[in-house]
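Visitor: Take this structure first; my questions come after.
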Amino acid sequence: MNKLFDRQLAKATRPQGGVDLDVLRELVVAAYDQAERDRKRTDRSLSLMIQELDQLNRKLETQVEERTAALREREAELSEQNRRFDAATNNMSQALMMFDGDHRLLICNDRYFQMYRLSPDIVKPGCTMRELLQHRAAMGVFAGDIDAYIADLDGCMARSETMDRMTELPDGRTVHVVNHPMAGGGWVATHEDVTERRRAEQRIAHMARYDALTDLPNRVLFRERLTEALAGTARGDRFAVHYLDLDRFKGVNDTLGHQFGDELLKIVAERLQCCVRETDMVARVGGDEFAVIQAGIEQPVDVAMLARRIGEAVRAPYNLAGNAAVVDTSIGIALAPTDGSEPDALLKAADLALYGAKADGRGTYRFFEAAMDRRMKERREIEIALRKALTAGEFELHYQPLVNVDDRRITCCEALLRWNHPERGMVSPADFVPVAEEIGLIVPIGDWVLRKACIDAARWPADIKVAVNLSPIQVMNQNLVPVVLGALAAAGMPARRLEIEITENVVMQNTETTMATLHRLRELGVSISMDDFGTGYSSLSNLRKFPFDKIKIDRSFVSGLPDDGDSSAIVRAIAGLAANLNMTATAEGVETQAQLDTVRALGCVEMQGYLFSKPRPLDTLMHLLEPQRPAAEAAPAGRVARIA
Ligand code: C2E
Ligand code: CA
Ligand code: CA
């Protein structure tokens, strides 16, 4: 400023000296004007700059704010993620570890420590896989070879393969270990204790294939083994299937209770297992049904020997908490591959053989024969036809008289059922009654017999009774008394003219219901006869269980007379006992005069048999009965009732 003023002063100094003040003023004013203009220009640019700076600043500020917010958010997210990761890894049921490419531990969760009871002093980030395994081995929670394990692991990781293994720990636990390679080297390891799951799976698998009560293989496993064994027959293997069930098992269940029934089945299972070799298999295939696969047989005699051994083992008495029990068994045997090359065919053959064994009388064994299959088919046909027979009116009753041995007067006529099959002709009751019993048809058929027999007998002379055979199943039926009363009422016949024939089987059942039914019938005036005596359990004590009116001595004892000494002794004993117990002794199947003379001499008071008459239809029977009608009694010929 001072220089400027000096220059202005110089300019305003007159050459002659002295300062022209006007010039100076002008110069100064001009300088001020210029300065003012300059200032204004500078001011303008400055304010522009400030504006720009301001804008820039504001922009920067918002940018910083935005970034900070984003960063904060990211940070929060990260820490949340971290928290979750920690929570997740430490609450996992699996142990989790991460290793780097140098086998060093990066992270591991709490579960890993708990699972193997490890020390955090040793297991910590930075420790090596080998140190870790050594520590585990020292703690007794690593069973393998450390070097081999590491070599395997390295191999897998080098090939980028997951190593997945079930490992058994020395303490019995099972751990599922998975080592999964990571992209940048290293791996993630998970260890899961699957002991419980494995045990549960094993239990379920066991339950599906073993019987809960006896722990024997069940039908499923049995069939599997059968299929395997059949595959072996291609190599020339021979084996046998023994199929058995327990006779009289139901009796044990009914009289002693299911608990003892179960106990008995367990003992049977044990006994069967003692009978067989390790290569054989015993299975429980049904309630009281067992099956045995006898492997590697050379000749049928091996099979028969085992069947006999099984029979003896099962028949030996049982002691069920102080209760003695006896059961028997029938055994059906099929040989593979002769009797079947499929499991089903083989089982069916064994089952048919079992059926055959039972038909032979209980407590035996039978080999399968092709004829059994034929008989079975026939039986099934009978079953189907039998279901229609009653409504189709194919049944008929024949009558066979029972006569007094002294005067040959007819005392009673036994009703014997006949089935007039449209194609087969007359079918013997011996063939169809057992089938009807098995399929439950014996009850309606038996009811029909009772009603028809009473109606027929109502036309006979009043002193001649009618005898009706009852199956044990009918006697067990609660309905029997009302059915009998209904039949008598419908025929208008007094109860004293009806005789009921039952076999020893009925008495052997000795249940409250059957005994009550028999007593009730007897109270009503119906007589009760013991039929076929001597063929069943042949126990004289059975005669004391119920006050029978009559004992019918089975034909088998009469057929040997008069020569067979044993038979005569038996007939004499039974007749004697009958007389003592106030029962009528009747000899069945008397065919000759000599037999008649003998049974009379031995004490029988009544006889039945071809000698006097075969069973005959009602109309020809009437001819036999008419002469016995007292003159006072007129035949009610017009009153022939019809029943369905
Ligand atoms: P069962 O009660 O022992 O009947 C006597 C059987 O012996 C009859 O056979 C009869 O024909 C036969 N018979 C009679 N006298 C002689 C003889 O002198 N010699 C020979 N060899 N046999 C003789 P059937 O009629 O074949 O009956 C067989 C069995 O069928 C009967 O034996 C009986 O247990 C049963 N049955 C017959 N009808 C019925 C019925 O209505 N209901 C039930 N539940 N069973 C019946
Ligand atoms: Ca009879
Ligand atoms: Ca009989």
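Visitor: Note the angle between two axes, namely the Cα long axis of helix 2-12 and the longest principal axis of the Cα atoms of the chain, as a number of degrees from 0 to 90, rounded to the nearest 10.
Guide: 40 degrees
Visitor: Follow-up question, since we're still on this one. So in the chain, what percent of DSSP beta bridges are antiparallel if you round to the nearest 5? Walk me through the numbers on the way to the answer.
Guide: On the way: 62 of 86 bridges.
Just about 70 percent of them are antiparallel.
Visitor: What area, in nm² and to one decimal, does the C-alpha convex hull of the range 443-568 cast on average over all directions? All intermediate terms of the calculation are to be shown ahead of the outcome.
Guide: Details: hull surface 33.1 nm².
It is 8.3 nm².
Visitor: Once you list every other residue whose beta carbon is under 13 Å from the beta carbon of Ala31, what net charge do they have if Lys and Arg are +1 and Asp and Glu are -1?
Guide: Values: positive: Lys3, Arg7, Lys11, Arg25, Arg37, Arg39; negative: Asp6, Glu26, Asp33, Glu36, Asp38.
The answer is +1.
Visitor: In what sequence, highest mean first, do 386-398, 484-496 appear when ranked by Cβ atoms within 10 angstrom?
Guide: On the way: 386-398: 15.3, 484-496: 17.2.
Answer by packing, highest mean first, reads 484-496, 386-398.
Visitor: Okay, moving on. Which value, in Å² rounded to 10, gives the accessible area of Lys358 with a 1.4 Å probe and all protein chains present?
Guide: 50 Å²
Visitor: So, one more: Among the listed pairs Lys348/Lys388; Lys358/Lys452; Lys388/Lys550, give every one whose C-alpha distance is greater than 30 Å.
Guide: Details: Lys348/Lys388 27 Å; Lys358/Lys452 33 Å; Lys388/Lys550 35 Å.
Over 30 Å Cα-Cα: Lys358/Lys452; Lys388/Lys550.
Visitor: In a shell of Cβ-Cβ distance under 12 Å around Leu230, excluding Leu230 itself, what net charge do Lys and Arg (+1) and Asp and Glu (-1) give?
Guide: Values: positive: Arg223, Arg225, Arg235, Arg238; negative: Glu224, Glu228, Asp237, Asp339, Glu342, Asp344.
Residues near Leu230 contribute -2 overall.
Visitor: Moving on. Would you be so kind as to identify which of Gly18, Asn2, Ser45 lies farthest towards the positive end of the dipole of the range 1-55, taking Lys and Arg as +1 and Asp and Glu as -1 on Cβ and the Cα centre as origin?
Guide: Farthest towards the positive end: Gly18.
Visitor: In 20 Å bins starting at 0, how do the alpha-carbon pair distances of the chain split up by percent?
Guide: Percent of pairs per bin, in order: 13, 26, 20, 11, 12, 7, 3, 4, 3, 1, 0.
Visitor: Also, I was wondering about something else. Let me know the charge dipole size of the range 95-198 about its Cα centre in debye, to the nearest 20, where only the beta-carbon of Lys, Arg (+1) and Asp, Glu (-1) is charged.
Guide: Numbers: 11 positive and 16 negative charges, 40 e Å.
I would put it at about 200 debye.
Visitor: Given an 8 Å cut-off on Cα distances and at least 6 residues of separation, report the relative contact order of the chain as a percent.
Guide: Working: 948 pairs, mean separation 45.3, N = 644.
For the chain, the relative contact order is 7 percent.
Visitor: What is the angle, in °, between the Cα long axis of helix 512-524 and the longest principal axis of the Cα atoms in the chain? Nearest 10 is fine, range 0 to 90.
Guide: Here the helix axis deviates by roughly 30 degrees.
Visitor: Which of the listed residues, Leu521, Ile293, Tyr610, is farthest toward the dipole's positive end in the chain, when Lys, Arg count +1 and Asp, Glu count -1 at the beta-carbon?
Guide: It is Leu521, whose Cα lies furthest towards the positive end.
Visitor: As a test of reading the structure, rank Thr513, Thr174 by solvent-accessible area (1.4 Å probe, protein chains only), most first.
Guide: Details: Thr513 55, Thr174 10 Å².
Ranked list, largest accessible area first: Thr513, Thr174.
Visitor: Please sort 14-26, 416-428 by packing, taking for each peptide the average over its residues of neighbouring beta carbons within 10 angstrom, highest first. Walk me through the numbers on the way to the answer.
Guide: On the way: 14-26: 10.5, 416-428: 14.9.
Ranked from most to least packed, the peptides come out as 416-428, 14-26.
Visitor: Counting other C-beta atoms within 10 Å, and keeping those with at most 12, which DSSP coil GluC sites (Glu not before Pro) do you find in the range 216-300?
Guide: On the way: sites: Glu224, Glu228, Glu263, Glu270, Glu278, Glu289, Glu298; in loops: Glu278, Glu298.
Loop-located and lightly packed - Glu278, Glu298.
Visitor: Okay, moving on. Compute, for the range 173-299, the length of the dipole vector about the Cα centre, with Cβ point charges of +1 (Lys, Arg) and -1 (Asp, Glu) only. Units Debye, rounded to 20.
Guide: Details: 17 positive and 20 negative charges, 60 e Å.
Here the size comes out at about 280 debye.
Visitor: Sticking with this structure for a sec: Charges only on Cβ, +1 for Lys and Arg, -1 for Asp and Glu: so what's the dipole of the chain about the Cα centre, in debye to the nearest 20?
Guide: Values: 80 positive and 95 negative charges, 256 e Å.
The calculation lands at about 1240 debye.
Visitor: Summing Lys, Arg as +1 and Asp, Glu as -1, what charge do residues with Cβ under 13 Å from the Cβ of Ala143 carry, Ala143 excluded?
Guide: Values: positive: Arg136, Arg165, Arg173; negative: Asp145, Glu168, Asp171.
Summing Lys and Arg as +1 and Asp and Glu as -1 gives 0.
Visitor: With N denoting the number of residues in the range 241-312, provide Rg(C-alpha) divided by 2.2 N^0.38 Å, to two decimal places.
Guide: Details: Rg = 13.2 Å, N = 72, 2.2 N^0.38 = 11.2 Å.
Compactness ratio reported: 1.18.
Visitor: Next up: Where does helix 195-209 land angle-wise versus the long Cα axis of the chain, in degrees 0 to 90, nearest 10?
Guide: It works out to around 30 degrees.
Visitor: Please report, as a whole percent, how much of the solvent-accessible surface of the chain comes from carbon and sulfur atoms (probe radius 1.4 Å).
Guide: Working: 18140 of 34520 Å².
The nonpolar share, carbon plus sulfur, comes to 53 percent.
Visitor: Which loop-located trypsin sites (Lys or Arg not before Pro) does the range 271-301 contain, where loop means any DSSP state but H, G, I, E or B and the Cβ has at most 16 other Cβ atoms within 10 Å? Please report the intermediate quantities before stating the final value.
Guide: Working: sites: Arg271, Arg277, Arg284; in loops: Arg277.
Filter output for the range 271-301: Arg277.
Visitor: Mind checking which of Pro217, Leu352, Ile267 is farthest towards the positive end of the range 213-370's charge dipole, using Cβ charges of +1 (Lys, Arg) and -1 (Asp, Glu) about the Cα centre?
Guide: Among Pro217, Leu352, Ile267, the one farthest towards the positive end of the dipole of the range 213-370 is Ile267.
The values are calculated or read from the model by the stated rules, or taken from the named source; none is laboratory data. Worth saying up front: this structure is predicted, and the values here are computed from it rather than measured. Every residue, glycine among them, receives a Cβ derived from its backbone with ideal geometry; neighbour counts consider all protein chains shown. Accessible surface areas use protein heavy atoms only, side chains included; no ligands, DNA or RNA. Shrake-Rupley method; radii C 1.70, N 1.55, O 1.52, S 1.80 Å.
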